[in-house]
Amino acid sequence: MARSPLATMLGMRAHMVDGGALRRVVGGRVVVVTGASRGVGRAAARRCAGAGAHVVLLARGAEALEAVAAQIVERGGSATAVPVDLRDLDAATAVGEEIVADHGAPALLVSNAGHSIRRDLADYTDRLHDVTRLAGINMLGPIALALPLLAAMRAAPAAGQLISVGSVGMVFPGPGWSVYTATKAGFDAWLRSISPELRGDGVAVTSIHLPLTRTAMSAPTYARTRLAALSADDAATWVCRAAITRARVVAPWWGRLGGVMTAALPAAVDRASGAAWRRAS
Ligand SMILES: NC(=O)c1ccc[n+]([C@@H]2O[C@H](COP(=O)([O-])OP(=O)(O)OC[C@H]3O[C@@H](n4cnc5c(N)ncnc54)[C@H](OP(=O)(O)O)[C@@H]3O)[C@@H](O)[C@H]2O)c1
């Protein structure tokens, strides 16, 4: 857990999860977790399984996914591994439909799978595939999977929830991260608009604006940094708490402040971001 005073000051302390409360939300029900083969998704899936959920694990790597499922079963939990590349939109929709056919409406869809690329604009002039690949995994695939699951949740008598593991960087300029932040923000904008439509049907939508988290994703860029960061297990705590509170947005205070500043003073934030990016380049 991130316990340093700096992490606490930055609102990145991982609070405890009330195990009984989580069990009341997911116990005996189905939880679908994308990107469950490692990192945040694996940690969240283990926690939900530990609270009595049957977890449906999605990612591309079948072997890693089966290993996570086997560990869960060894610990007395219940899990199904479903290998899928979410960038294949037909496959993503088909998996969503199969989950509904096999298990009915899930209690929770944790839309967590994602991919990041750190690349300046000048370096992807001739790499449009960077944009289409990231749009596939960070926005289009998650929507393709969510559509059948949300339809089932709306029709079900029990409460449902979609928790999206987004990035704190979605709300302010991220020079060098433009494709990543644009695609994550695209999915988040979709959630912002469907949330009011779903509310009346007992389906909650939570957007987590996750700060830096030490996983395979962040390792190439941040492995040696001393920046305050969450562990994958801390991030899973954020996910589990969101399942209990059903908060609309979960974000550190400085992420919310950054969003307000960007909206109120766009040119000033633009200049400051550009200066910081030039210093770092
Ligand atoms: N780490 C951070 O600092 C940080 C900060 C803010 C937000 N986030 C967000 O947190 C989420 C989890 O990230 P993480 O750090 O845990 O990353 P990670 O360790 O790299 O895990 C990513 C997961 O997504 C799966 N995945 C990737 N591409 C996929 C595809 N095309 N189809 C299906 N599954 C796919 C991966 O499995 P396969 O490769 O086997 O498919 C893996 O299970 C992401 O949405 C990320 O954007 C992370």
For this session: Confirm whether R60 is within 16 Å of the ligand (Cβ to nearest atom), of a type in the set (D, E, K, R) and within 14 Å of the chain's Cα centre (by Cα).
Result: no
Seminar exercise, completed: Residue hits (the range 74-128; crowded, with 21+ Cβ neighbours inside 10 Å and assigned to a helix (DSSP H, G or I)) are A92, V95, G96, I99
For this session: Would you mind telling me which numbered condition in (1) within 18 Å of the chain's Cα centre (by Cα); (2) among the charged types (D, E, K, R); (3) under 24 Å from A156 (Cβ atoms) R46 fails?
Result: (3)
For this session: Mind listing whichever residues of the range 213-262 are basic (K, R), under 21 Å from R42 (Cα atoms) and more than 9 Å from the ligand (Cβ to nearest atom)?
Result: R241, R246
Problem set entry | Yes/no for T181 being closer than 24 Å to G136 by Cβ, among the hydroxyl-bearing types (S, T, Y) and either loosely packed, with under 13 Cβ neighbours inside 10 Å or touching a helix residue (DSSP H, G or I) at 6+ places or on another chain (Cβ under 7 Å) (or both) | yes
Exercise. What are the pairs, 6+ residues apart or on separate chains, where a residue within the range 105-127 that is farther than 14 Å from T221 by Cβ has its Cβ under 6 Å from a residue that is among the polar types (S, T, N, Q) and modelled with pLDDT of 95 or more?
Worked result: L108/Q161; S111/T34; S111/S164; N112/T34; A113/T34; G114/N138
For this session: For G141, indicate whether it is modelled with pLDDT under 95, surrounded by 16 or more Cβ atoms within 10 Å (Cβ to Cβ) and within 13 Å of the ligand (Cβ to nearest atom).
Result: no
Exercise. Is the range 207-224 home to any residue that is without any contact (Cβ under 8 Å) to a residue 60 or more places away in the chain and under 25 Å from G27 (Cβ atoms)?
Worked result: yes
Exercise. Which residue, of M12, M16, is assigned to a loop (DSSP other than H, G, I, E, B) and surrounded by 20 or more Cβ atoms within 10 Å (Cβ to Cβ)?
Worked result: M12
For this session: Please determine, by comparing only the residues of the range 43-57 that are in a helix (DSSP H, G or I) and more than 15 Å from I163 (Cβ to Cβ), which one is nearest to the ligand (Cβ to nearest atom).
Result: R46
For this session: Hey, can you tell me all the residues within the range 129-138 that are crowded, with 19+ Cβ neighbours inside 10 Å and more than 9 Å from the ligand (Cβ to nearest atom)?
Result: L134
Exercise. Looking only at the range 135-174, which residues are in contact with a Pro (Cβ under 8 Å, 6 or more places away or on another chain), over 30 Å from D120 (Cα atoms) and either free of Cβ contacts under 8 Å to residues at least 12 places away in the same chain or of a type outside the set (A, V, I, L, M) (or both)?
Worked result: G160
Exercise. Where residues in the range 256-279 are in contact with a Phe, Trp or Tyr (Cβ under 8 Å, 6 or more places away or on another chain) and closer than 30 Å to M16 by Cα, which of them is surrounded by the most Cβ atoms within 10 Å (Cβ to Cβ)?
Worked result: G258
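Confirm whether L210 is modelled with pLDDT of 95 or more, within 11 Å of the ligand (Cβ to nearest atom) and of a type in the set (A, V, I, L, M).
Working: modelled with pLDDT of 95 or more: yes; within 11 Å of the ligand (Cβ to nearest atom): yes; of a type in the set (A, V, I, L, M): yes.
Answer is yes for this residue.
The values are calculated or read from the model by the stated rules, or taken from the named source; none is laboratory data. Being a predicted model, the structure only gives us computed values, none of them experimental. Cβ sites come from the backbone with ideal geometry, for glycine too, and all protein chains shown count toward neighbours.
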